[in-house]
Structure formats: C-alpha cells, structure tokens
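Below: one structure, written as structure tokens.
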Amino acid sequence: MRISTYVIGAPLPDRRFTLLLHGLRGSLDKVPASVGNYLVEHRGRDVGAPPWNPGDEAELHLQERGYLTDLSVEDERLLMVDMAAALHEADLASSPPSFCFVPAYTCNLRCPYCFQPHEMHAGKGSYATIMTRERVDDAFRVIDRFDRPGAVARELGMCPPPQPSAGDSERAAAAPLLGLFGGEPLDETTRDIVEYIVGEARTRGSALWAITNGVQLDLFADLLGPDGLAELQITLDGMPELHDRRRVGPRFRETFHRIVGNIDLALEAGAQVKARINVDSSNVDHVAMLNDLFAERGWLGHPSFSAGAAVVTGEAKHEPLVSHADLVKLTSTFRAEDTNCVNSYEHYAMNTLVRALSSKYPFQRVAHCAAETGLLMFDPRGDLYGCWEEIGLADRRIGHYRGGTLSLDQKAAGAWLSRFPGSIEQCSSCPYALIHTSGCGNHARNDSGTLFAAACEGFQTYFPHTLAESYTEIEQQLLDGPLPTRRHLRRLPLVQVTNGRAGTAEEGALLHVHST
C-alpha cells in the first residue's frame, strides 16, 4: 500500500489539524496535523511508519477516501489521464463557443508594461484598420451559425454530433454574451462601430462585455447597461500620482480621475464593473490603498462591483515581478477583515470547497479558459484568433472569416482545443492538475515553445494556504452564525459533518468532514 500521488494537504491556522483534499477523487477531510503532515511528506511513496496503527479505523478510512491506495504510481496516473479526458470531452461537447469583437488595434494609452506592441496601439500599417459594418455582419453570420454547444469542436472533427435533449435545447436558445477587446475597444474612433455591434447584439437578445481602460467610457454612456455594454473590466493601478505614470497616453496624461468618474457612470447605468489592478513591485503597496479607496467610495458594497488584482506577467516590460503567492498573501489579509475586498487568486480554493461541501465532485471542468473550448475573436482585418493575449500576431491566427464563412486552421485551432491536463505529461502526475487545469496556455507557449506544457506560476505554493483560509472562513461562519454571503458565490452550502462536530475533535482522532 502506498500514499496517493494526488494528496493535497492544507495546514489549518491553529496547526492542530490539516485539511486533506484528494486531487483526483475529490475527497475532503479534516485530520490531525500528524496524519496530514505524514501523508503530504510521503506523497507517492509506500506507507512506512505512519502515525496510526496499521489496520485500525483511521487507516481504513484513509483507504476508503483514496489517500492510501493499492494502485501503482503508473496505474493511478493513467486513472488521472482518463478522468481528465472524460472531463475534457464533456467540456468540448457542452460548452458554447465564446465570441469577441476587436473593433480596432489602436489604443489611446501607452501603458509601459503592456504586452501588446507599440506599433499596434499607434495604428501603424495594417493595425490602422477599424472594423467595418460589413465585417461585423460577417462575424454575426458566423455567430448565428456557431452559437451551439460544441460547435467549434464539431467543426474541427473533435466532437460527435449532439444528442437532442430538452436541456440542450434550452441551452442553445440562450443568447450568447459577446465581448469587446482591443487595443482599446471603447474610444472615440470606435464609437460608431461599437454602437452598430450593440444594436446587432440587441436584436439577438445579447449583451456585451468589454475589457477597457475606461478613459473615454463617457462617450458610450447611452450604450451602458444590462442590454448593452453590460459587463466591464476597467484597470486602476494605484493612487492618482502612481496610476497616472502607468496608465498614460499621448492625449491623456492624467487618467485616474477620468476613470474613477466613468466607473461611477457605469454603475449608475446598471453595468457590472470589475476593477483590475495590474501588480508589479512598483505598485504592490498601492493595492491596500485602492482597497480602502474602493470601500470609501461605496463600491465594495455595491452589488454590481468587484475588484481583483493580478500580477503583471513576464511578456511585458515592467518593474520586477511580484509572485502570485506574495499577491495572494496580501489580498488574504484584506479578506480576513472583510469579505468585500480586492481579491486575487483565492477563487480556486473557494470554488473547489463550495462544490465539495455541496456533495458534488469538485473538479467540474479542465478547460483553463474559453480558448480551450472554442473562443472566436474577430479582428478588423478578417482574421480569427483564439486567445486575447495573441491577438494581432499573424503567426498565432487560428483562421479567418470572410463573406460570413468561417475558415479554421485545423492545426492551430485544434491545438487549443486539444490542450487539457491529461495531454500534458507533467500535469498528469500533479495533485493540482484538475484544479489549476494546467494554467494559461499562452504563458506556457511563451515559456516553453509549446501549448502542451504547464504554466504553474506558483500555484502549488499558494493553493494550500488559500484552501486552509477558505475552509476556516466557512467553518467559522457555520459555528458562529449565518452562512457567509459572497458576491461571486452567492451562498455557501451547509457543510455535512459526521463523526463529531466540525472543529471539536481531539488531537489523534480522525475527523471526517465530508464524503464525495
């Protein structure tokens, strides 16, 4: 008998207990620290001198839950690959494609850390093209044809024809949420074409999301709201002086107050707004200041507002990098004081816990993002891209659309839809593979030259910490009062506890928190 390769241990804050999560089986258990430490330290190895008596109830329980296994390392790895493949096939068959318009490559800002090239934002050469109404009509003809679960995978021969069912019919009838990206999709040069896109979307019952710098959002005031520009991601990188050095353009030298005013405008119009903070060493100290600012303005308590921080990645020109783990450590201090706060990468742990505690298999999908189930980004020149970090790079095109006809590059598009943890060797033996789902494909390709590599980005370092903190938050709410309410999770389910009340077992006893 050996310890499973897929054991994850999260020491709880009081250090008496460890939360165990099985990265393949989905089991979740609260155990004495001595048991948890032993399993994690000897992960993948034969059981030697464990802190329990061989054959006793604790050992039988650990076997039943999958932490101890009779499977060989290779057999367990193959089981992981099979499970990931099953989830991947379900993803491809059930996920509708995502659609996004790129009205222009130009941008009214020149943020020094941006991953996109200067000539793109300056509109040099073919990057000067603004999307026309004819291009928009072509794109909508594609959208009308492919707005069905699994449509892109089937076009590539990677998914069988759907079996009709009531559930599929209902899902197919739902209007897609369409996207806007750039460059900068919302500035004075794109006003007319964006209004046309919104109008065409409305005739189909669709609304739009946009990733925008928010500098000229006021020009689109009449289009803001649930039936138009419904969801916006807008960046604020620090307090005014620092932000205005980072988020700056040829005609916009001071952007902070313009953006703040436009966020108020969007919220008043009923749009959902997510503020994003791009973090490196030059502004990491401003994350806490922005958290306070958001609270002072009443945004953090607003039902249509959320805020997230993310590290600036290695492709861009920037100050020295801040690690994902360090950023999580920082934002976790905010959450300890108030659940309405700036977050970063804590959602992996909370989402996994909520599913596990709801008696569901916690690993529902293996697609890391829409690019891996079918993202179609329509650029103004008639080219198609499958990843927004690769937009405008001709060698990364996945096809083109012209005359209402979609032409996909089998190799380029198929590679994106073939990427999942079971197709990446290093992921197949990783306890975190079904949680982090191999990380960003674009980052993996830039780092290793292939999509079929992992982009771990410190996940193994910070996930156990966030898992322990999230569990402690849920447990404390259950013991002390009403269930917590979080905007991104709505309502946490009641934890099912057997063999004792959560948090009351004495050291040495095995406390079984949940069965899945």
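Read the figures in this text as sums done on the coordinates, not as results from a lab. What you are looking at is a predicted structure, and each value in this text was computed from that prediction instead of being measured. Using ideal geometry, Cβ is built from the backbone for each residue, glycine included, and neighbour counts are taken over all protein chains shown.
Here the convex hull built on the C-alpha positions of region 192-319 has a volume of 118 cubic angstrom per residue.
Amide H contacts for residue 18 (H built 1.01 Å from N in the peptide plane; partners 5 or more residues away or on another chain; cut-off under 5 Å): 12, 31, 33, 36. Once you treat every alpha carbon in region 338-418 as an equal point and sum by Debye, what is log10 I(q)/I(0) at q = 0.11, 0.18, 0.21 Å⁻¹? Summing over Cα pairs of region 338-418 leads to -0.47, -0.79, -0.90. Rounded to the nearest Hz, the phi-derived 3J(HN,Hα) couplings of region 70-78 under the Karplus curve 6.51 cos²θ - 1.76 cosθ + 1.60 (θ = phi - 60°) are 8, 6, 5, 4, 5, 5, 5, 5, 5, where x marks glycine and proline.
Relative contact order of the chain, taken over Cα pairs closer than 8 Å and 6 or more residues apart, is 18 percent.
When Rg and the Kirkwood Rh are both derived from Cα coordinates, the Rg/Rh ratio for region 130-230 amounts to 1.04.
Averaging 1/r over every pair of different alpha carbons in region 58-154 and inverting the result gives a Kirkwood radius of 18.6 Å.
Dipole check for the chain: with +1 at the C-beta of Lys and Arg, -1 at the C-beta of Asp and Glu, and the Cα centre as origin, the magnitude is about 640 Debye. Only one residue of 142, 239, 299 has its Cα farthest out toward the positive end of the dipole of the chain, where Lys and Arg carry +1 and Asp and Glu -1 on Cβ, and that residue is 142. Computed on region 1-118, with alpha-carbon pairs under 8 angstrom and 6+ residues apart, the relative contact order is 24 percent. The share of C-alpha pairs in region 1-106 whose separation exceeds 16 Å stands at 64 percent.
In summary, the aspartates and glutamates within cross-link reach of residue 411, defined as a Cα separation below 17 angstrom excluding same-chain residues under 8 places away, comprise 155, 372, 383, 390, 395. A viscosity of 1.306 mPa s and a temperature of 10 °C, combined with the Kirkwood radius over C-alpha pairs in the Stokes-Einstein formula, give the chain a diffusion coefficient of 65 µm²/s.
In this structure, the amide hydrogen of residue 210, modeled 1.01 Å from its nitrogen in the peptide plane, lies closer than 5 angstrom to those of 180, 231, 232, 233, counting only residues at least 5 positions away or on a different chain. Inter-label distance, residue 396 to residue 75: 4.3 nm, where each label sits 7 Å from its Cα along the C-beta direction. The chymotrypsin sites (Phe, Trp or Tyr not before Pro) of region 445-483 include none that DSSP puts in a loop with a beta carbon having at most 13 other beta carbons within 10 Å.
Adding -39500 (n - 2.57) for every DSSP H run of four residues or longer, then dividing by how many residues the chain holds, sets the calculated 222 nm ellipticity at -10500 deg cm²/dmol. The relative contact order of region 283-349, computed from alpha carbon pairs under 8 Å that lie at least 6 residues apart in sequence, is 32 percent. Annotation note: trypsin sites (Lys or Arg not before Pro) in region 61-137 located in DSSP loop regions with a Cβ neighbour count of at most 15 within 10 Å are 110, 124. Note that region 265-273 has calculated 3J(HN,Hα) couplings of 4, 5, 5, 5, 7, x, 7, 7, 10 Hz, one per residue in order, obtained from phi through the Karplus relation 6.51 cos²θ - 1.76 cosθ + 1.60 (θ = phi - 60°); glycine and proline are x.
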